[in-house]
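Every read-out reported here was derived from the displayed coordinates using simple, explicitly stated rules and does not represent laboratory data. Note that the coordinates shown come from a computational prediction; the quantities given were computed from them, not determined experimentally. All Cβ positions, even for glycine, are placed from backbone atoms using ideal geometry, and neighbour counts span all protein chains on display.
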């Protein structure tokens, strides 16, 4: 994980939030119901999850996890259901209102960038929307995610036996058989997005599957 401060990270997070809101604002009603890269979740569902994420505080997260019997997926689903508006327009307005917040669950701040970039692609890719992400945002998200253990939602154990090499940045992480791809493709792959696996090559790529 990097040592970036909140003053460095929050502007990147807020920029990604605004960019996604702009993309969502241009969607037709039927596009909101398109299946996202998150299995079982539509674009609308992912947007609602982000509303919930933006609002989540450290204390609130702990309380909700206890209510969900410490089942992370159950907690996520309940939060998304509660945050989802009756229409896409209502959900988008909730997203706009929550976007400037700096609330965060008890996790490294870089995880806010993981959320923004990965869920941004969960929405954009099925809709054919392409974003040129700031490289520093993607790299910060990648470094954060591979530095966290599986027990807290990271990919440390997954990537331990391989070497991730970004083809579009001077970044290599780990030792072992090489898995090479853009930083964005690597970030998506270590987050379990199989749609990105075709963009990664090298003898270590199979481990990401």
Counting other C-beta atoms within 10 Å, which of 81, 43 has the fewest, and how do the rest follow?
81, 43
With contacts defined as alpha carbon pairs under 8 Å and 6 or more residues apart, what's the relative contact order of the chain in percent?
19 percent
What angle do you read, to the nearest 10 degrees and between 0 and 90, between the alpha-carbon axis of helix 72-83 and the longest principal axis of the chain?
40 degrees
Of all DSSP beta bridges located in the chain, what percent are antiparallel, nearest 5?
50 percent
CD proxy at 222 nm, helix term only [per DSSP H run n ≥ 4: -39500 (n - 2.57); per residue of the chain; nearest 500]:
-16000 deg cm²/dmol
Could you work out how far the C-alpha centroid of segment 22-49 sits from that of segment 87-139, in angstrom?
12 Å
Which angle from 0 to 90°, rounded to the nearest 10, does the C-alpha axis of helix 58-67 make with the longest principal axis of the chain?
80 degrees
Under the rule rounded for a/c under 1.5, else prolate if a/b exceeds b/c, else oblate, using alpha carbon gyration tensor axes a ≥ b ≥ c, segment 6-127 is classed as oblate
Could you tell me the relative contact order of segment 135-208? Use alpha-carbon pairs under 8 Å, at least six residues apart, and round to a whole percent.
26 percent
Using only the Cα atoms, work out Rg/Rh for the chain, with Rh taken as the Kirkwood radius, to two decimals.
0.95
Cα extents of segment 90-164 along the three principal axes, largest first, in whole Å?
44, 31, 21
Over segment 6-127, calculate the relative contact order: mean separation of alpha carbon pairs under 8 Å at least 6 apart, over the residue count, as a percent.
40 percent
Computed over the chain: longest principal axis from alpha-carbon atoms vs helix 135-146 long axis, angle to nearest 10 degrees, is 80 degrees
In square nanometres and to one decimal, what's the mean projected area of the convex hull around the Cα atoms of segment 131-209?
4.7 nm²
